[in-house]
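The values are calculated or read from the model by the stated rules, or taken from the named source; none is laboratory data. Please read all numbers here as calculations on a predicted model, not as lab measurements. A quick note on method: Cβ atoms are made from the backbone with ideal geometry, for glycine too, and the neighbour counts reach across all protein chains shown.
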Amino acid sequence: MLHEYGHIAILVLIALIFPAGAIVQSWAFQFAGIRPRVPSDPVKEDTYECGMVTRGPALTRFNFRFYYVALLFLLFDVEIVFLFPWAVVVEDAGLAGLGKIAIFVGTFVVGGLYAWRKRALEWD
Amino acid sequence: MPTATDHWYDFRDLSNLSRVILEGIDSVGPSELAYLVAPLIGFVAFFLVFVLPSQLFLGVYGERRIIGRMQARKGPNRVGPLGLLQPLADAVKLLQKEALTPARADRAIMWAAPIFFVAPAVLLFAVIPFGPRMVFADLPAGLIFFIAVSGLPVLAAFMAGWGSNNKYSLFGAMRVVAMSVSYEVPLVLMLLGVAVFANTLSLPGIVLFQAEVNLWLVFMMPLAFAVYFICVSAELNRTPTDIAEAESEIVAGYLTEYSGMKWGLFYGMDIGYALAASAFAATVFLGGWSMWGLEQWVPPWLIFVAKTHLFYFVFIWTRGTLPRLRVDQLMGFAWKFLLPLAVFNLFLVALERLLWAEADLGDGIVFAFAAVNIALSAVAVWGWARLLGYRPERMPTRPRLAREAGGYVPLDDPAAGGR
């Protein structure tokens with residue numbers, strides 16, 4: 001089994017070299033003069049904002065509801081991680097195991113319902 | 001009954017080729033060399049032979065051709081016969097494009113983002129079984145590996161949005177993260193249902209299970225399949241749900257400041273991820289390389305490729321048919337509608353699995369389960385939608401032009417009422 005994970009590790013290296021090669025090739029073309037080397041107009045290097053002159057910093061404030069989504073995701077994702085070991089032993093765990101899992105999931109469902117009640121799922 | 005043999009020329013099982021090559025290397029060199037070369041052969045086999053041509057000719061050429069057909073235009077038809085060389089022309093164009101990096105951008109993050117976006121796409125295909133023995137790495141937890149790796153491109157997309165130092169890029173990146181994160185939960189819960197029913201986390205194991213009971217899991221849990229399709233198209237930012245790249249709202253999302261080869265990597269691998277999702281759906285829901293005994297006569301990998309491309313065609317189809325949805329609609333849909341259905345499906349399937357194991361009902365009972373599940377899924381979708389207050393839209397059965405003017409009448413056709 002570790003044999004297979006070793007293959008995956010080598011494949012990670014290959015997978016990183018493949019796109020890096022594409023970018024190195026793009027540099028090589030730049031030095032070979034196939035690709036434009038300096039921007040023909042300094043305005044091109046400006047941050048794009050629909051053709052207008054760029055105003056203000058880019059890292060502006062954004063909707064706070066993204067934090068709600070992130071918290072809800074953490075809640076449910078941790079739950080799912082704990083469910084995976086059960087998925088392969090459903091038969092051994094039997095009906096009692098299913099009941100315990102139902103209680104476990106039930107607590108998260110209550111949490112989700114609370115978030116729903118508090119209007120954390122609305123995007124106004 | 002013919003089955004695949006171990007000869008290298010038996011095209012029904014292409015893993016023979018790599019085995020012969022590796023045995024040859026093993027006989028002349030040290031055994032470590034064969035171990036190091038094996039991933040390279042795998043990369044060439046599944047990526048350079050299957051994924052790249054599929055990307056170019058189905059993803060780039062086929063998608064534009066089919067969408068063109070759906071929108072009553074021709075699509076690319078100038079470069080080469082029927083426009084078949086269009087993907088190559090596009091690639092050559094991308095190679096010589098001017099690649100700009102904005103002066104205010106975070107250069108290191110902006111360069112690293114495409115690399116980290118492409119790498120997981122290659123890894124995803126490592127656990128997909130193309131045939132009975134044609135799997136790169138038969139991991140016992142292949143399902144978890146696939147889910148974990150398919151979460152990585154979100155990080156790269158956020159790097160791209162943050163590194164560009166552009167308002168639209170940042171908004172796009174935030175939307176990508178929020179969307180992927182919301183749709184990840186029902187998606188993984190549905191796949192958990194698959195793992196529960198097949199009682200294994202290995203992808204070849206899931207295919208073997210479907211071949212044994214002679215029932216694809218799409219019939220066993222149609223709800224899971226439908227939710228998988230919706231969630232995956234949301235995570236891939238494909239058109240009905242592509243609010244992250246909505247060009248009418250936020251220029252091009254996190255890709256706004258990208259150009260040249262870096263943009264090409266993002267664009268190409270978007271198709272790569274859609275292919276990976278199709279391959280995964282074909283494996284988990286559509287029976288993989290098995291096809292009710294047909295795999296004895298047709299090469300199993302050909303069946304698998306056909307199913308993958310069929311699923312990808314449905315992606316193209318929805319893209320050509322449906323308009324884009326709003327942000328609030330999509331987020332509410334994931335949490336309020338899909339998540340409860342996913343929990344329902346998980347417990348339904350777990351109960352059926354227990355019933356199957358305890359009550360000694362035989363293998364034929366899965367067909368009864370499938371019928372029950374199809375009925376219950378329809379009832380659950382309809383009932384939950386009604387409970388949430390979704391109503392079918394009242395639409396006039398015929399558009400106004402057809403109602404009042406009797407439809408489009410060609411002027412030069414006397415038979416249709418024209419002059």
Per the filter on segment A:9-23, residues more than 8 Å from every other protein chain (Cβ to nearest Cβ) and of a type in the set (Gly, Ala, Ser) are A:9, A:21
Scan segment B:66-85 and tell me whether some residue there is surrounded by 14 or more Cβ atoms within 10 Å (Cβ to Cβ), within 10 Å of chain A (Cβ to nearest Cβ), at pLDDT below 85 and part of a helix (DSSP H, G or I).
no
Those residues of segment A:13-29 which are surrounded by 17 or more Cβ atoms within 10 Å (Cβ to Cβ) and farther than 28 Å from residue B:36 by Cα amount to A:26, A:29
Inside segment B:125-167, the number of residues satisfying the requirement of being assigned to a helix (DSSP H, G or I) and among the charged types (D, E, K, R) is 1
Scanning segment B:95-114 for residues that are closer than 15 Å to residue A:20 by Cβ and of a type outside the set (A, V, I, L, M), the one surrounded by the most Cβ atoms within 10 Å (Cβ to Cβ) turns out to be B:114
**Study point:** residue B:276 vs. criteria in a helix (DSSP H, G or I), under 18 Å from the mean Cα position of the chain (by Cα) and under 20 Å from residue B:13 (Cα atoms)
**Key:** no
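Tell me which residues, restricted to segment B:92-112, are of a type in the set (A, V, I, L, M), facing chain A (nearest Cβ under 10 Å) and in a helix (DSSP H, G or I).
Residues satisfying the conditions are B:94, B:95, B:112.
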### Query
Condition test on residue B:199, is it touching a helix residue (DSSP H, G or I) at 6+ places or on another chain (Cβ under 7 Å), touching a residue at least 40 places away in the same chain (Cβ under 8 Å) and surrounded by fewer than 22 Cβ atoms within 10 Å (Cβ to Cβ)?
yes
Answer yes or no: is there a residue in segment B:316-326 that is farther than 27 Å from residue B:128 by Cα, touching a helix residue (DSSP H, G or I) at 6+ places or on another chain (Cβ under 8 Å) and part of a helix (DSSP H, G or I).
yes
Taking segment B:136-155 and keeping residues within 11 Å of chain A (Cβ to nearest Cβ) and buried (at least 23 other Cβ atoms within 10 Å of the Cβ) leaves B:136, B:142, B:143
Quick count over segment A:48-84, residues being more than 7 Å from chain B (Cβ to nearest Cβ) and of a type in the set (Ser, Thr, Tyr), is 3
Flagged in segment B:162-204 as facing chain A (nearest Cβ under 10 Å) and farther than 30 Å from residue B:328 by Cα, in numbering order, are B:195, B:196, B:197, B:198, B:199, B:200, B:201, B:202
Checked segment B:231-244 for anything surrounded by fewer than 22 Cβ atoms within 10 Å (Cβ to Cβ) and either β-branched (Val, Ile, Thr) or free of Cβ contacts under 8 Å to residues at least 24 places away in the same chain (or both); matches are B:239
Note on residue A:91: of the conditions (1) within 7 Å of another protein chain (Cβ to nearest Cβ); (2) in a helix (DSSP H, G or I); (3) surrounded by 17 or more Cβ atoms within 10 Å (Cβ to Cβ), unmet is (3)
Restricting attention to segment A:31-78, the residues that are in contact with a Gly (Cβ under 9 Å, 6 or more places away or on another chain) and within 30 Å of residue B:189 (Cα to Cα) number exactly 3
Cβ pairs under 8 Å, 6+ apart or interchain, first in segment B:302-320 and within 20 Å of residue B:46 (Cβ to Cβ), second exposed (fewer than 15 other Cβ atoms within 10 Å of the Cβ), ordered by first then second residue, are B:303/B:294
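For every residue, the table says whether it meets (1) modelled with pLDDT of 80 or more; (2) among the β-branched types (Val, Ile, Thr); (3) crowded, with 16+ Cβ neighbours inside 10 Å; (4) in contact with a Leu (Cβ under 8 Å, 6 or more places away or on another chain).
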{"residue": "B:6", "(1), (2), (3), (4)": "no, no, no, no"}
{"residue": "B:14", "(1), (2), (3), (4)": "no, no, yes, no"}
{"residue": "B:28", "(1), (2), (3), (4)": "yes, yes, no, no"}
{"residue": "B:60", "(1), (2), (3), (4)": "yes, yes, yes, no"}
Among (1) touching a Ser or Thr at 6+ places or on another chain (Cβ under 8 Å); (2) away from every other protein chain (no Cβ under 14 Å); (3) of a type in the set (S, T, N, Q), residue B:256 falls short only on (2)
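I'd like the full set of residues that are charged (D, E, K, R) and in contact (Cβ under 8 Å) with a residue 40 or more places away in the chain, limited to segment B:245-291.
First pass over segment B:245-291, keeping only residues charged (D, E, K, R): B:245, B:247, B:249, B:257, B:262, B:270.
Correct list: B:245, B:257, B:262.
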For residue A:33, the lone unmet condition from (1) outside the structural domain of residue A:114 (by TED's automatic domain parsing); (2) surrounded by fewer than 19 Cβ atoms within 10 Å (Cβ to Cβ); (3) under 26 Å from residue B:270 (Cα atoms) is (3)
The residue that is nearest to residue B:45 (Cα to Cα), considering only those in segment A:3-28 that are touching a helix residue (DSSP H, G or I) at 6+ places or on another chain (Cβ under 6 Å) and not aliphatic (A, V, I, L, M), is A:7
I'd like to know if segment A:5-25 contains one or more residues that are at pLDDT 85 or above, in contact with a Phe, Trp or Tyr (Cβ under 7 Å, 6 or more places away or on another chain), among the hydrophobic types (A, V, I, L, M, F, W, C) and under 22 Å from residue B:203 (Cβ atoms).
yes
